[in-house]
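First the structure, in the form of structure tokens, and then the observations on it.
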Amino acid sequence: MNVMVTILENLFIASGVISLLLAISLYGKRTADWGGACLLFVKRIDLSIQEHKWYRIGVSLFFIGVLVRILNLTLWG
């Protein structure tokens, strides 16, 4: 059980990071403003619908992965 939860947690976190990187790369390709892509987490920038979708999916998956990690450490650790 513990091994499966650890695999699930790593899968969520990795998928979240990949989705966030995809959103940043889509924004960078569209605007050619790679410095603005770094500011994505600090201030509000104009994202397209597709970029915003991948950004939200990435944040959600990463957050779920962190929650699974906390549950893994507290309940089964």
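The values are calculated or read from the model by the stated rules, or taken from the named source; none is laboratory data. These numbers were taken from a predicted model, which means no experiment stands behind them. Heads up: the accessible areas ignore ligands, DNA and RNA and are worked out on the full protein's heavy atoms, side chains in. Shrake-Rupley method; radii C 1.70, N 1.55, O 1.52, S 1.80 Å.
What the table below lists for this structure:
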quantity	calculated
Equivalent ellipsoid dimensions for the chain as semi-axes, Å, which come from the Cα gyration tensor, largest first	30, 11, 9
Cα-based helix-to-principal-axis angle, 2-31 vs the chain, degrees rounded to 10	0
Probe 1.4 Å, accessible area per residue of the chain, Å²	71
Between the stretch 1-48 and the stretch 60-77, the Cα center-to-center distance that results, in Å	19
Descending principal axes extents, the stretch 4-43, alpha-carbon based, whole Å	41, 19, 9
Carbon plus sulfur fraction of accessible area for the chain, probe 1.4 Å, in percent	71
